[in-house]
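Undergrad: This is the structure, below, for whatever I ask next.
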Amino acid sequence: MTTIKLHNTKTRKREVFTPIDPENVRMYVCGPTVYDRAHLGNARPVIVFDVLYRLLRHVYGPDHVTYVRNFTDVDDKINARAAESGRSIGEITAETTQWFLDDMAAVGALEPDHMPRATAYIPQMVTMIEGLIASGHAYAAEGHVLFAVESYKEYGALSGRSIDDMIAGARVEVAPYKRNPMDFVLWKPSDADTPGWDSPWGRGRPGWHIECSAMARELLGDHFDIHGGGNDLMFPHHENEIAQSCCANGTDKMANVWMHNEMLQVEGKKMSKSLGNFFTVRDLLDQGVPGEVIRFVMLSTHYRKPMDWTEKKREEAEKVLERWLELTVDLEPSDPNEFVPRQPLIDALAEDLNTHKALQFLNSSTYSEPQALLDHARFLGFLSDEAREKHRDRFFSRSEGGGSSADLAELAARLDAIRRKAMLSKDFTQVDEMKRQLVAIGLEVRMDKTGVDLVASSSFDPMKLESLK
Ligand code: AMP
Ligand code: ZN
């Protein structure tokens, strides 16, 4: 069996992964707060943990992995959005949840086995909070319930900070009802305009952290294998999840392995609305960037490194994927239940998700075998039926004489694919013919090992693309 190694934030080491129960490998990943479109950064954990999910399913069997990713559908940001838009909370969260599902499907992510909504688990949260009060880890004060961080001596172990460091470094909210400024909210009171549920502490709503602890316990048990999310969640969110879960469940661990993806940046800068470089997954899809291009760019950088989204990377990924689509356009994918990926690809992923190496494997080892390229690419979430369909449509419109829609990059990819097939068959007739046509309409054809480039000369007339068959 493949040995999977994963970097564990908790121990700061790369460790051999040993499931608690190989019959049911369990993973929880913190999901989105549903009040708006997912930005490009939000897609990173989804894509990264999707690859891990695929790897685990391959190694332990698809029926032996349980992946949970939640929706946070009760939050002050959602309340604020409802107030400013005049729409109901339910309408906003339902719409945003569907947007998220659509956008993540577009980037090739499988749906987790469970996608719990926090508001469906309020009774479990209340029970957990009651247990924490009963065992002296939490206290009620002025309609709030707070977790007493001093009652848990391991607090801060995940991020490696002491309570004093945390107080100094974090913007902790000082409130008169807190015994210690680091104590965090498990439950808070709601006024008449805010969503609320009856509880032993009056009408109120849960704090954010308790949601994940309660949903994870309900769906995965007291102690499970892997917990993931972006590294902005390590403190305080994950630190708080651990404190709540371990104290409520009487365990010394919530999850064995803690995994955190690094942040996404845009052209070397933090993505933020004030810098004007903030965009959503949907913005890119609407601009015609295929979802699989987003996936490819994300996976070309290791998840533990900051990932820089650049125009250059987007263009390169687009070229590669176009080539893959072209090379495999007339092939039928193998049945995914029967297809066995080659070990070098699995080994790359098993090395703490070395997705860069996995993509290289696709581009080198399977390149001269289009069927293997297709099947391995699909295993990694590329060349979906939808992407292939779209590609065929474009191809069809080109061969119908609708050449104006074919841009030079696509033509170059097409020629490159034909050339690579020819290198195998040693029959270059088609390549020569296409080259001749391109030159005839004023394009210079440059070929080297890495691919094909088409450069327009002064005599190039884009209208003449129409004449290409
Ligand atoms: P949020 O809705 O802000 O809680 O984020 C949902 C998920 O996206 C969490 O796992 C975050 O860690 C992750 N995330 C947020 N911003 C970024 C970013 N810029 N790069 C990578 N991951 C991010
Ligand atoms: Zn969480």
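The values are calculated or read from the model by the stated rules, or taken from the named source; none is laboratory data. All figures in this text were calculated on a predicted structure; none of them were measured in a lab. A quick note on method: Cβ atoms are made from the backbone with ideal geometry, for glycine too, and the neighbour counts reach across all protein chains shown. Accessible surface is based on the protein model in full, side chains and every heavy atom, while ligands, DNA and RNA are left aside. Shrake-Rupley method; radii C 1.70, N 1.55, O 1.52, S 1.80 Å.
Undergrad: Set the Förster radius R0 to 30 Å, insert the Cβ-Cβ distance between Ser467 and Glu111 as r into 1/(1 + (r/R0)^6), and round the FRET efficiency to 0.05. Present the calculation step by step, with values, prior to reporting the outcome.
TA: Numbers: r = 45 Å, r/R0 = 1.51.
The value I calculate is 0.10.
Undergrad: Where does each of 1-8, 144-151 land if you order them by average Cβ count within 10 Å, highest first? Could you put the intermediate results ahead of the total?
TA: Numbers: 1-8: 16.1, 144-151: 21.6.
So the order, starting with the most tightly packed, is 144-151, 1-8.
Undergrad: Please report the relative contact order for the chain, taking Cα pairs under 8 Å with a sequence separation of at least 6, and give it as a percent rounded to a whole number.
TA: Working: 712 pairs, mean separation 72.8, N = 469.
Answer for the chain is 16 percent.
Undergrad: Report, by chain and number, residues whose modeled amide H sits under 5 Å from the one on Ala456, excluding near sequence neighbours (fewer than 5 apart, same chain).
TA: Distant-sequence amide H within range of Ala456: Glu444.
Undergrad: Further, regarding this structure: Report for the chain the percent antiparallel among DSSP-assigned beta bridges with both residues inside it, nearest 5.
TA: Numbers: 24 of 45 bridges.
Beta bridges within the chain, antiparallel portion: roughly 55 percent.
Undergrad: Here is a further query. Can you give the calculated 222 nm mean residue ellipticity of the chain, where each DSSP H run of n ≥ 4 adds -39,500 (n - 2.57) and the sum is split over every residue, rounded to the nearest 500 deg cm²/dmol? Each step should come with its number before you reach the end.
TA: On the way: 16 runs with 198 residues, N = 469.
Result for the chain, helices only: -13000 deg cm²/dmol.
Undergrad: Moving to a separate point now. Among Asn240, Met254, Val266, flag the residue with its Cα farthest along the positive direction of the charge dipole of region 230-273, charges on Cβ as +1 for Lys/Arg and -1 for Asp/Glu.
TA: Going by the Cα projections, it comes out as Val266.
Undergrad: Taking θ = phi - 60°, what integer Hz values does the Karplus form 6.51 cos²θ - 1.76 cosθ + 1.60 yield along region 231-237, in sequence order, with x for Gly and Pro?
TA: Once θ is set to phi - 60°, the couplings for region 231-237 become 6, 5, 8, 4, 10, x, 4 Hz.
Undergrad: For region 340-357, what does the Karplus curve 6.51 cos²θ - 1.76 cosθ + 1.60, with θ = phi - 60°, yield as ³J(HN,Hα) per residue in whole Hz, taken in order and with x for Gly and Pro?
TA: 10, x, 6, 4, x, 5, 5, 4, 4, 5, 6, 8, 6, 6, 7, 6, 4, 5
Undergrad: Let me ask another. Dipole of region 252-306, Cα-centred, from +1 at each Lys and Arg C-beta and -1 at each Asp and Glu C-beta, to the nearest 20 debye? Don't jump to the answer; show the numbers that get you there.
TA: On the way: 8 positive and 6 negative charges, 37 e Å.
Charge dipole, region 252-306, about its Cα centre: 180 debye, nearest 20.
Undergrad: I'd like the Karplus ³J(HN,Hα) series for region 111-125: coefficients 6.51, -1.76, 1.60, θ = phi - 60°, whole numbers in Hz, and an x wherever there's a Gly or Pro.
TA: Per-residue couplings from phi come out as 7, x, 5, 9, 10, x, 9, 3, 5, 8, 10, 4, x, 5, 5 Hz.
Undergrad: For region 62-134, rounded, prolate or oblate, judged on the Cα gyration tensor with a ≥ b ≥ c (square roots of eigenvalues), a/c < 1.5 rounded, else prolate if a/b > b/c?
TA: Numbers: a/c = 3.26, a/b = 1.02, b/c = 3.19.
Taking the square roots of the gyration eigenvalues as a ≥ b ≥ c, region 62-134 is oblate.
Undergrad: Relative to the longest principal axis of the C-alpha atoms of the chain, give the angle of the C-alpha long axis of helix 208-220, reported between 0 and 90° and rounded to the nearest 10°.
TA: Approximately 80 degrees, to the nearest 10.
Undergrad: So what's the convex hull volume per residue for the Cα atoms of the chain, in Å³? Don't skip to the answer; put the middle values down first.
TA: Values: hull volume 76.4 nm³, N = 469.
Roughly 163 Å³ of hull volume per residue.
Undergrad: Mind checking the per residue accessible area of the chain for me, 1.4 Å probe, whole number of Å²?
TA: 45 Å²
Undergrad: Moving on. Using only Cα atoms, find the angle between the long axis of helix 408-425 and the longest principal axis of the chain, and express it within 0 to 90 degrees, rounded to the nearest 10.
TA: It works out to around 70 degrees.
Undergrad: Here is a further query. To the nearest 10 degrees, how steep is helix 239-249 against the longest Cα principal axis of the chain, on a 0 to 90 scale?
TA: Around 60 degrees separate the two axes.
Undergrad: Over the chain, with every protein chain in place, what whole percent of the accessible area is carbon and sulfur at 1.4 Å, could you tell me? Don't skip to the answer; put the middle values down first.
TA: Details: 10570 of 21110 Å².
Accessible surface attributable to carbon and sulfur in the chain totals 50 percent.
Undergrad: Now a separate question. Quote the Stokes-Einstein diffusion coefficient, in whole µm² s⁻¹, for region 5-261, based on the Kirkwood radius over alpha carbon pairs, a temperature of 10 °C and a viscosity of 1.306 mPa s.
TA: Values: Rh = 18.9 Å.
The Stokes-Einstein estimate is 84 µm²/s.
Undergrad: What residues qualify as long-range amide H neighbours of Ala141, i.e. H under 5 Å apart, gap of 5 or more or another chain, H built at 1.01 Å from N?
TA: Amide H neighbours of Ala141, under 5 Å, 5+ apart: Leu146.
Undergrad: So, one more: So if I place +1 on the C-beta of Lys and Arg and -1 on the C-beta of Asp and Glu, and nothing else carries charge, what would the dipole magnitude of the chain be about its Cα centre? I want it in debye, nearest 20. Write down the numbers at each step before the final one.
TA: Numbers: 56 positive and 72 negative charges, 231 e Å.
Using Cβ point charges on Lys, Arg, Asp and Glu, the chain gives about 1100 debye.
Undergrad: Separate question: First check a/c for region 1-155, with a ≥ b ≥ c the square roots of the eigenvalues of its C-alpha gyration tensor; if it is under 1.5, answer rounded, and if not, answer prolate when a/b is larger than b/c or oblate otherwise. Show your work: numbers first, answer last.
TA: Details: a/c = 2.17, a/b = 1.16, b/c = 1.87.
Taking the square roots of the gyration eigenvalues as a ≥ b ≥ c, region 1-155 is oblate.
Undergrad: With each label point set 7 Å from Cα along the Cα-Cβ vector, what nm distance links Arg342 and Arg87?
TA: Result: 4.8 nm between the two label points.
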